[in-house]
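Colleague: I am attaching a structure below and will ask some questions about it afterwards.
The values are calculated or read from the model by the stated rules, or taken from the named source; none is laboratory data. Remember, it's a predicted structure, so these values are computed and weren't measured experimentally. Quick reminder, even Gly has a Cβ in these numbers, built from the backbone with ideal geometry, and neighbours come from all protein chains shown.
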Amino acid sequence: MAVYSMHCLRRLLLYCVSVVAFLIVIFTSMNLLEDVFPKYVYSLDSKKVQSRASYKHAMSEETVKTLFISNTLKTPTINKIMHNTFLERWTTNSNRWLEEITTQRKEMFTTKAATNMKTVDINHEARIAYPLTSFGSPYVLNNDKICEGANNLTYIVLVHTATDHFYRRSVIRETWANKNILTNQSLRVVFLLGRPQGNTKIQAAIEHESYMHKDIVQGDFSDTYHNLTHKGVLGYRWISEYCLQAKFVIKVDDDVFVNIFKLMLGTSINYHADKRKLRCYIRMNGTSPIQRKTGKWKVDDSEFKNMTYFPVTYCNGFFVFMTTDIIKELYEASKVTPFFWIDDVYIFGLLPAKVGSIRFESMEGLTLSEEDSLKCFKMNKPCNYLAATAVAKGNMETLWYGSIKQYHSLAKAYAKPQLFSI
């Protein structure tokens, strides 16, 4: 009898173990595991994750807001479950707008003729909730002395540039952002860029350029269109750490010409008393449609869910004029404002909205028409454009020399005599 009872007990225990194992499999497949064992789901080994992540500084203990999918998941079915259920549920429940920022990520679909099954290589895929440059050590190259020795610094210019745009950076240094031509106002320029994608020759050239001109700040992220938000936050951070003494911040793209003489006149007359202000071409809250289907700015349905227009006022980012007193607050806001990849919306819309009490004011004289600006700066009377795109080679110089001719009296007032000997 005792032997029989022991045998029954063993069978009962085996049955219970089988039932528990079966339930775990069911819960996992039904995406219920995180509800039953929440501590298990969210207990990431951050050290292991950090050692394998593409962007290691985004994986620190203090900012485990990144979910990393390790390449130990080899089974396509499990991959699909983890990718299509847990991650999407986590995203939806937290209302965080996540962006796939690693450009090394490859989705390699291979069709198997026998089973017609698609497998996905998701090695080193990272989904982040906040900008990479908000935390950790974001600099690959950092020239932290740019603003040192600039007494009564009027302007710090942040130029968003691409890694291989050596010519554009050179022209900007020699024309309107030349720090050596001004007399009673001072200016410094910083070129912001990321890492070139696998091109060691370009990186070597950037390092040489940085050594020669000492105006390059390079972030630890791939320099791609979808990473511009990281670049923008990097600019806010760099000023917060190294250049808060500047009175004004000018953000431009590297294909934008600025009529610096007209800007100085406006600064002395209209902007000198500005506080907590953004001046730009304004996109008002609820007027900019969100592209959902196709296009360069296509936004996934999970971001700004059920909205047809962006719910914040923001600036067109090709030229933005800011007072420096808000920069550090904007940088700090990036640590608590969920990431969004369209940089204009994020750095000039979502962050100011998070900070609050920042005023937007329309900036006159901004144009995206290169043809119109070329005609305007060739006229005999002063052109009213303050900033204009200059994409084609030679156009930046044309606009520069045109502005010197048209604003001759202002140029003589603000620039050194050497400018007029060219």
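Colleague: Can you name the residue in region 141-152 that is modelled with pLDDT of 95 or more and of a type in the set (A, V, I, L, M) and is also surrounded by the fewest Cβ atoms within 10 Å (Cβ to Cβ) among such residues?
Modeller: Leu141
Colleague: Output the residue which, of all residues in region 264-281 that are outside any strand (DSSP E or B) and hydrophobic (A, V, I, L, M, F, W, C), is nearest to Ser357 (Cα to Cα).
Modeller: Ala273
Colleague: Considering only region 185-200, I want to know if a residue exists there that is in contact with a Phe, Trp or Tyr (Cβ under 8 Å, 6 or more places away or on another chain), without any contact (Cβ under 8 Å) to a residue 40 or more places away in the chain and surrounded by fewer than 19 Cβ atoms within 10 Å (Cβ to Cβ).
Modeller: Yes: region 185-200 contains one or more residues that are in contact with a Phe, Trp or Tyr (Cβ under 8 Å, 6 or more places away or on another chain), without any contact (Cβ under 8 Å) to a residue 40 or more places away in the chain and surrounded by fewer than 19 Cβ atoms within 10 Å (Cβ to Cβ).
Colleague: To continue, here is another question. Restricting attention to helices (runs of 4 or more DSSP H) lying wholly within region 310-422, give those where 2 or more residues are under 31 Å from the mean Cα position of the chain (by Cα) and in contact (Cβ under 8 Å) with a residue 12 or more places away in the chain.
Modeller: Where helices (runs of 4 or more DSSP H) fall fully within region 310-422 and carry at least 2 residues being under 31 Å from the mean Cα position of the chain (by Cα) and in contact (Cβ under 8 Å) with a residue 12 or more places away in the chain, they are 327-333, 351-355, 370-376, 395-406.
Colleague: Only residues that are modelled with pLDDT of 95 or more and either of a type in the set (Lys, Arg) or not assigned by TED's automatic domain parsing to the domain that holds Glu241 (or both): list them for region 153-184, please.
Modeller: The answer is Arg168, Arg169, Arg173.
Colleague: Can you tell me which residues in region 233-276 are of a type in the set (A, V, I, L, M) and either surrounded by 20 or more Cβ atoms within 10 Å (Cβ to Cβ) or on the phi > 0 side of the Ramachandran plot (or both)?
Modeller: Val233, Leu234, Ile239, Ala246, Val249, Ile250, Val252, Val256, Val258, Ile260, Leu263, Met264
Colleague: Let me ask something else about it. Take Phe257 and tell me if it is under 19 Å from Ile172 (Cα atoms), of a type in the set (A, V, I, L, M, F, W, C) and assigned by TED's automatic domain parsing to the domain that holds Phe360.
Modeller: yes
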